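J.: To start, I am sharing the structure in question, which I have written as structure tokens.
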Amino acid sequence: MDQNLQTQKILKEKSANNMKSTETSFRDRPINIDETGKRKWIRAKQPKGKWYKRRSLVAWLLLGFLVLGPLLRINGNPFMLFDIAHRQFYIFGISFYTQDTNILALVMTVAVVSVVLFTVIYGRIWCGWACPQTIFMEMVFRRIEYLFDGNYRGGKRKPATGFKRVLKYIVFFITSLLITNVLLMWFIGPQGVLDLVTEPIQDHWLGFLIMLGLSSFYFWIYSYFREQVCTMICPYGRMQGVLLDSRSITVIYDYKRGEPRGAKEEGDCINCKQCVSVCPTGIDIKNGTQLECINCTACIDECNLVMKRINKPENLIRFDSAEGIEKGKKNLGSTRTYAYTAVLLILFGVLVSTIIRRTDVESSILRVPGTIYQEVDNNTLSNMYRIKIINKEKSDKTLIIRLISPPEGEIQLANQETLLVGNGALESILIIRLDKNQLNGKSTPIKIGIFEGENLLEKTEINFIGPAK
Ligand code: SF4
Ligand code: SF4
């Protein structure tokens, strides 16, 4: 009898310890690793609800942009193209040359600051709504999986087996191949991809190997590695701890309303764990904001369905800040937010003005090293410059180089070549002759214009060297 009581006591203790370890194990190890160190597969249930619909819409728009971006053309230019091999870049139909690195650097700076700013204000909204990894995993591959495996419920339903499983992975590989080809279009254009897939392999063996390698890599990511990209590899997730503060808006569980939780408890949370069953990274949002949460909103939708069923108000899990939950009001503003917004607006302003002021032709005019001025005759002096002109457009241009100020001077291109082919560059020696009366002294500022017909494409100011007065 004593022994029975003792056994019952031990079992009770064990069960309590087990419960405790399940509730707190998220602090000790990644959610997809079990206590023996083995991978635990996350088989998330398909979400249903208004947030999932909104997210699907955003995903289809972004996927449409991904596919159509390199296919569309504006004024004969590709809408989007990053042809690194030929140094041709088109963003929204505007051509950029390798000399436009200032714009590229600005675009990248603005992008990084935007992501930081958005994280400070809206948490990881990028991860759940716009990150290609999430869009491909949740909106493409996961949906293919639901077609073959059915809708999982907390991982309890087994995935497809046998022929169905093989077929699922064949579809996975074909989809990976399609994604690779779409991505390649962004770098070699639609014609490049067409050549790659229609011409003999020996003519494009490198391209073929890249395509095969990338497709295999994507297949491995979406069939095996999956959510671990977000939970273990992506550095952005790890930056969360630094970027978020108590005023950042994230997907969050209202513990004030939900606790104490349980079917018979006073709080609104009935501890049904439906929010966990839909989570693509397998976490329990009730444990608070976690590195693995990609702000996908699936748990909001699922909990709302539960709340409807038990006749409780929706949004027990919602977009809110930790401070908002604590104080019962949303708070978007913080000094850090305003500072980031100001920096972002300034950067946007600089970016827009740089793009607006960007010309189709770019030139640099520098004095030939080691030269000063030459006496042409008693009244005239000449200076010698090296001129380089780059045509950023695809079309050829016939250029005329004129002296804008002072207008009376004479300008001469050493080789008289002024036809500049599309995306071509011209380098030449430029000789400028000025009357001595027009000089101010040792250095006289002059303005050179590069024209196409009567159309001024670019204006440059340089100095003309003369004797001291
Ligand atoms: S779905 Fe809602 S009610 Fe159910 S456990 Fe999650 S938070 Fe609680
Ligand atoms: S906790 Fe909610 S929002 Fe975060 S990843 Fe899981 S389902 Fe998505």
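The values are calculated or read from the model by the stated rules, or taken from the named source; none is laboratory data. Keep in mind it's a predicted model, so treat the numbers as computed, not measured. Cβ placement follows ideal geometry from the backbone for every residue including glycine, while neighbour counts extend to all protein chains displayed. Ligands, DNA and RNA are stripped out before the accessible areas are found, and what is left, the full protein with its side chains, is counted by its heavy atoms. Shrake-Rupley method; radii C 1.70, N 1.55, O 1.52, S 1.80 Å.
J.: Around Thr250, with a cut-off of 11 angstrom between Cβ atoms, what is the net charge of the other residues, counting Lys and Arg +1 and Asp and Glu -1?
T.: Charge balance near Thr250 sits at +1.
J.: Set the bar at 23 Å for Cα to Cα. Now go through Lys158/Lys312; Lys264/Lys308; Lys168/Lys273; Lys48/Lys273 and name every pair that lies beyond it.
T.: Details: Lys158/Lys312 33 Å; Lys264/Lys308 17 Å; Lys168/Lys273 29 Å; Lys48/Lys273 16 Å.
With Cα atoms farther than 23 Å apart: Lys158/Lys312; Lys168/Lys273.
J.: Relative to a virtual label point 7 Å from the Cα of Met232 in the Cα→beta-carbon direction, which members of the range 102-138 show backbone nitrogen distances below 17 Å?
T.: none
J.: Tabulate in residue order the Karplus-calculated ³J(HN,Hα) for the range 439-453, using 6.51 cos²θ - 1.76 cosθ + 1.60 with θ = phi - 60°, rounded to whole Hz; enter x for Gly and Pro.
T.: Along the range 439-453, the couplings run 8, 8, x, 4, 9, 10, x, 10, 10, 10, x, 10, 10, 10, x Hz.
J.: Label the range 53-206 by shape, choosing from rounded, prolate and oblate, from the square roots a ≥ b ≥ c of the eigenvalues of the Cα gyration tensor; if a/c is under 1.5 it is rounded, and otherwise prolate applies when a/b is larger than b/c, oblate when it is not. Intermediate values should be presented prior to the final figure.
T.: Details: a/c = 2.73, a/b = 1.31, b/c = 2.08.
Oblate shape, in that a/c is at least 1.5 and b/c is the bigger or equal ratio.
J.: Treating cross-link reach as a plain straight distance, find the aspartates and glutamates whose alpha-carbon is under 18 Å from the alpha-carbon of Lys447, omitting any fewer than eight places away in the same chain.
T.: Within the straight-line cut-off, Lys447 pairs with Glu362, Glu408, Glu410, Asp435, Glu458, Glu461.
J.: Another question, if that's okay. At 1.4 Å probe size, with the rest of the protein present, what percent of the exposed accessible area of the chain is carbon and sulfur atoms? Can you show the working numbers first?
T.: Numbers: 15830 of 25850 Å².
Roughly 61 percent, rounded to a whole number.
J.: Follow-up question, since we're still on this one. Let's test the formula: R0 of 35 Å, r as the Cβ-Cβ distance of Phe217 and Leu351. What FRET efficiency results, to the nearest 0.05?
T.: 0.60
J.: With only Lys, Arg, Asp and Glu charged, each at its Cβ (+1 for the first two, -1 for the last two), find how big the charge dipole of the chain is about the Cα centre; round to the nearest 20 debye. Could you put the intermediate results ahead of the total?
T.: Values: 60 positive and 44 negative charges, 535 e Å.
Dipole size: approximately 2580 debye.
J.: Would you mind classifying the range 66-133 by shape? Square roots of the alpha carbon gyration tensor eigenvalues, ordered a ≥ b ≥ c; an a/c under 1.5 is rounded, otherwise it is prolate if a/b is larger than b/c and oblate if not.
T.: Numbers: a/c = 2.88, a/b = 1.64, b/c = 1.76.
Since a/c reaches 1.5 but b/c is at least a/b, the shape of the range 66-133 is classed as oblate.
J.: Which is farthest toward the positive dipole end of the chain among Phe225, Ser363, Tyr253, measuring Cα position about the Cα centre, with Cβ charges +1 (Lys, Arg) and -1 (Asp, Glu)?
T.: Tyr253
J.: Any idea what angle helix 50-68 forms with the longest principal axis of the chain, computed on alpha-carbon atoms, 0 to 90 degrees, nearest 10?
T.: In the chain, helix 50-68 runs at an angle near 30 degrees to the longest axis.
J.: Pairs of alpha-carbon atoms within less than 8 angstrom and 6+ residues apart define the contacts here; what relative contact order does the chain have, in percent? Let's see the in-between values first.
T.: On the way: 696 pairs, mean separation 62.3, N = 469.
Worked out over the chain, it gives 13 percent.
J.: Separation between the Ser443 and Phe187 pseudo-spin-labels, each 7 Å from Cα along Cα→Cβ, expressed in nm?
T.: It is 4.6 nm.
J.: Need the list of aspartates and glutamates near Lys53 for cross-linking: C-alpha distance under 14 angstrom, and skip anything on the same chain fewer than eight residues off.
T.: Glu138, Asp301, Glu302
J.: Same structure again: In degrees between 0 and 90, to the nearest 10, how far off the longest principal axis of the chain does helix 335-357 point, with axes built from Cα atoms?
T.: It works out to around 40 degrees.
J.: Hey, for a label at Thr359 modelled as a point 7 Å past Cα toward Cβ, could you say which residues of the range 440-467 have their backbone N under 16 Å away?
T.: 446-463
J.: Moving to a separate point now. Rounding to the nearest 10 and keeping the result within 0 to 90°, find how far the Cα-based axis of helix 298-309 lies from the longest principal axis of the chain.
T.: 40
J.: Sticking with this structure for a sec: Which whole number in µm²/s is D for the range 361-465 by Stokes-Einstein, with the Kirkwood Rh taken over Cα pairs at 25 °C and 0.890 mPa s? Walk me through the numbers before you get to the answer.
T.: Numbers: Rh = 14.1 Å.
Result for D is 174 µm²/s.
J.: Further question on the same structure: Where the centre of each part is set by its Cα atoms, how far does the range 398-413 sit from the range 33-59, in angstrom?
T.: 67
J.: Quick one: the Cα spread of the range 39-358 along its three principal axes, in angstroms, biggest first?
T.: 70, 57, 31
J.: Taking the Cα centroid of the range 246-324 and of the range 361-388, what is the distance between the two, rounded to the nearest whole Å?
T.: 73
J.: Continuing with this model, one more query. Roughly speaking, what is the centre-to-centre gap between the range 143-203 and the range 82-141 when only Cα atoms are used, to the nearest Å?
T.: That distance is 24 Å.
J.: Sticking with this structure for a sec: Using Cα positions and a limit of under 20 Å, work out the aspartates and glutamates in reach of Lys164, with same-chain residues fewer than 8 apart set aside.
T.: Of all the aspartates and glutamates, those that pass the test against Lys164 - Cα under 20 Å, at least 8 places apart if same chain - are Glu145, Asp149.
J.: If I stretch the segment between Arg54 and Asn378 completely, what's the gain in nm (0.36 nm per residue apart, minus their alpha carbon distance), one decimal? Walk me through the intermediate numbers first.
T.: Details: separation 324, 0.36 × 324 = 116.64 nm, distance 7.89 nm.
Computed gain between Arg54 and Asn378 is 108.8 nm.
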